[in-house]
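The values are calculated or read from the model by the stated rules, or taken from the named source; none is laboratory data. Predicted, not measured: the structure shown is a model, and the values here were computed from it. Here the Cβ positions follow ideal geometry from the backbone for every residue, glycine too, while neighbour counts run over all protein chains shown. Protein only, heavy atoms only, side chains kept; ligands, DNA and RNA dropped before computing areas. Shrake-Rupley method; radii C 1.70, N 1.55, O 1.52, S 1.80 Å.
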Amino acid sequence: MKYSPNNPILLTSSLHVDEARKAIAQLVNELIAESNAIGDASDTEIVSLDQAINRILAEDLLSPIDVPAADNSAMDGYAFNGQCLGTDDATVSLKIMGTAFAGKPYEGKINPGECLKIMTGAVMPAGCDTVIPQEFTSAQTETHIEFPQNQLKPGENRRLRGEDLQQGKPAISAGRLLRPSDLGLAASLGIASLKVKRKLKVAILSSGDELRSLGQTLDAGSIYDSNRHSLTGLLNRLNLEIIDCGIVRDDPASLKNAFIDAATKADVLISSGGVSVGEADFTKQIMQELGDVGFWKIAMRPGRPMAFGVFKPIAGKLPARKTLFFGLPGNPVAVMVTFYQFVRSALLQLNGANQTEPPITQAISEAPIRKKAGRTEFQRAILGRNADGRPTVRLTGSQGAGILRSMSEANCFVILAHDQGNIAAGDWVDIALFDGLL
Ligand code: AMP
Ligand code: MG
């Protein structure tokens, strides 16, 4: 479906989460396609390996070397020529000629009837293709080892040169969200820095007259602004540049100024609050002046109202390009759920990641869960194990959209699909682990 803020399908009272995701992905694609839409978002920079965590790799990383660089032993044992092996249990006796250590190769050649004591990772000496692990020998003296000739096959326990990576082939593909293992892999190739996509600039702001920043005193009816802090945590997981635009009061002039300010500084603006029925009207009016923004009622819980679209480039203000906008609901849990479900993937996509969807797995529900068909639900839960060792999941108490404790105590979402009805105890349900994401 074509994204358009005015598309009546997108404005129905119950937009399926999958439709919303599709519409977002489509708009992000359009932004990427418009060459100057996100300014220099396609720009890259070179950063040292240890700075590259959670950044997006900008080009295929080609291996400059074979890994391993030489055939080597996979075990502590004895290296020999596998020609002496056979199919019956006749005894092989080999003379020990010396020792090869990792990092200290044996220079000589091993002849038939001879072997070399070898440590894991040590280069295979000339004349050898097989390693018998120490514990597989039937007899050992200072000078000789013995074992049955059918104990192993020629070539066993040897790692071949280039087995992991071949010189000139991609070791990591462009678009990878770099993880600790990728940094280790690059280091194993002798690579000290990586070309990554530049950091997206993401502005965040909270809207609401009732909100107070940390350090301010709470007067009657006011509450602390928690959303900017959970959003900061969520964005920090993605190693982005965060621009904190603070709290904005519920009046059209302040909101408009704040949006213009954020739009001139950032690639993406994420606001929370001010999109629910009572408040959306004047937000809508501002959005119509500044850009192309749709107000959605999404068939999900929590997180029903959401605004999404782009701000047009603002004349005379730099940088002159569109800014992606997410107007998240104000409720603290709804902010985290809508970020997880919509924003995270969009940010990764905009920044060139090739894998943007968080993984989903399954667990057995310990208890019945009430669920109304016709909306996707994200219940907060704790993943554990039952007596059989199978994964089980139980909800964390009260599931109100404002109850952050339900998120804080949880380690996963139970995701109940749009058409799904009530869940019985013992049913398998979809879950998404927070670890690394939320
Ligand atoms: P709204 O979407 O503006 O109607 O807000 C919905 C609920 O979320 C209200 O109870 C707000 O007080 C609360 N809320 C909105 N923004 C924040 C915030 N930044 N931190 C904590 N609670 C908020
Ligand atoms: Mg509000």
Label points 7 Å out from Cα along the Cβ direction at Lys284 and Lys22: separation in nm? 2.5 nm
Which residue, Ala367, Ala186, Ala262, has the most motion in a Gaussian network model of the chain that connects Cα atoms within less than 10 Å? Ala367
Assigned charges on the beta-carbon of Lys, Arg, Asp, Glu; the chain dipole about Cα centre (debye): 1080 debye
Treating only Lys and Arg (+1) and Asp and Glu (-1) as charged, each at its beta carbon, one finds that segment 308-381 has a dipole about its Cα centre, in Debye to the nearest 20, of 340 debye
Less than 14 Å Cβ to Cβ from Gln288, Lys/Arg counted +1 and Asp/Glu -1: what total charge do the surrounding residues give? 0
Loop-only check: which trypsin sites (Lys or Arg not before Pro) in segment 367-438 are DSSP coil with at most 13 other Cβ within 10 angstrom? Arg370, Lys372
Quick check: convex hull over the Cα atoms of the chain, volume per residue in Å³, rounded to an integer? 211 Å³
Springs between alpha-carbon atoms under 10 Å, Gaussian network over the chain: tell me which of Gly175, Gly155, Gly352 tops the mean-square fluctuations. Gly155
Selection from Gly108, Gly155, Gly82, by position along the positive dipole direction of segment 72-159 (Cβ): Gly108
Considering only the chain, what is the antiparallel percent among its DSSP beta bridges, to the nearest 5? 70 percent
Please name whichever of Phe308, Gln355, Pro64 sits farthest to the positive end of the charge dipole of the chain, dipole taken about the Cα centre and charges placed at Cβ: Lys and Arg +1, Asp and Glu -1. Phe308
Relative to the longest principal axis of the chain, what angle (0 to 90°, nearest 10) does the C-alpha long axis of helix 277-290 take? 80 degrees
Ranked by accessible surface with a 1.4 Å probe, highest first, in what order do Thr137, Thr130, Thr217 come? Thr217, Thr137, Thr130
When the chain is treated as a Gaussian network with springs between alpha carbons less than 10 Å apart, the largest mean-square fluctuation among Leu94, Leu347, Leu31 is found at Leu94
Treating only Lys and Arg (+1) and Asp and Glu (-1) as charged, each at its beta carbon, one finds that segment 72-159 has a dipole about its Cα centre, in Debye to the nearest 20, of 320 debye
Counting only protein heavy atoms with a 1.4 Å probe and every protein chain in place, the carbon and sulfur fraction of the accessible surface of segment 281-438 in whole percent equals 49 percent
On average, how much accessible surface per residue is there in the chain, in Å², for a 1.4 Å probe, leaving out ligands, DNA and RNA? 47 Å²
Decide, for segment 234-377, between rounded, prolate and oblate: order the square roots of the alpha carbon gyration tensor eigenvalues as a ≥ b ≥ c, take rounded if a/c falls under 1.5, and otherwise choose prolate if a/b is larger than b/c, else oblate. oblate
Longest principal axis of the chain (C-alpha) makes with the long axis of helix 227-236 (C-alpha) an angle, in degrees to the nearest 10, of 30 degrees
Projecting the Cα atoms of Cys128, Gln167, Ala280 onto the charge dipole of the chain, where Lys and Arg contribute +1 and Asp and Glu -1 at Cβ, the residue farthest towards the positive end is Ala280
What full-extension length gain, to one decimal in nm, is calculated for Arg161 and Lys109 as 0.36 nm per residue of separation minus the Cα-Cα distance? 16.9 nm
Could you please state how large a percent of the accessible area of segment 92-166 is carbon and sulfur, counting protein chains only and using a 1.4 Å probe? 48 percent
So for segment 361-433, using the alpha carbon gyration tensor with a ≥ b ≥ c as root eigenvalues (a/c under 1.5 gives rounded; past that, a/b versus b/c decides prolate or oblate), I'd call it oblate
Taking R0 as 25 Å and r as the Cβ-Cβ distance between Lys317 and Glu241, the FRET efficiency 1/(1 + (r/R0)^6), rounded to the nearest 0.05, comes to 0.85
Quick check: pseudo-label points 7 Å beyond the Cα along Cα→Cβ at Ile46 and Asp88, how many nm apart are they? 6.5 nm
Rounded, prolate or oblate: which fits segment 72-159, taking a ≥ b ≥ c as square roots of the Cα gyration tensor eigenvalues, rounded meaning a/c under 1.5, else prolate when a/b beats b/c? prolate
Compute the long axis of helix 17-33 from its Cα atoms, compare it with the longest principal axis of the Cα atoms of the chain, and write down the angle in degrees, 0 to 90, nearest 10. 80 degrees
Between Asn422 and Val277, what length comes free when the chain is fully extended (0.36 nm per residue of separation minus the Cα-Cα distance, one decimal in nm)? 49.4 nm
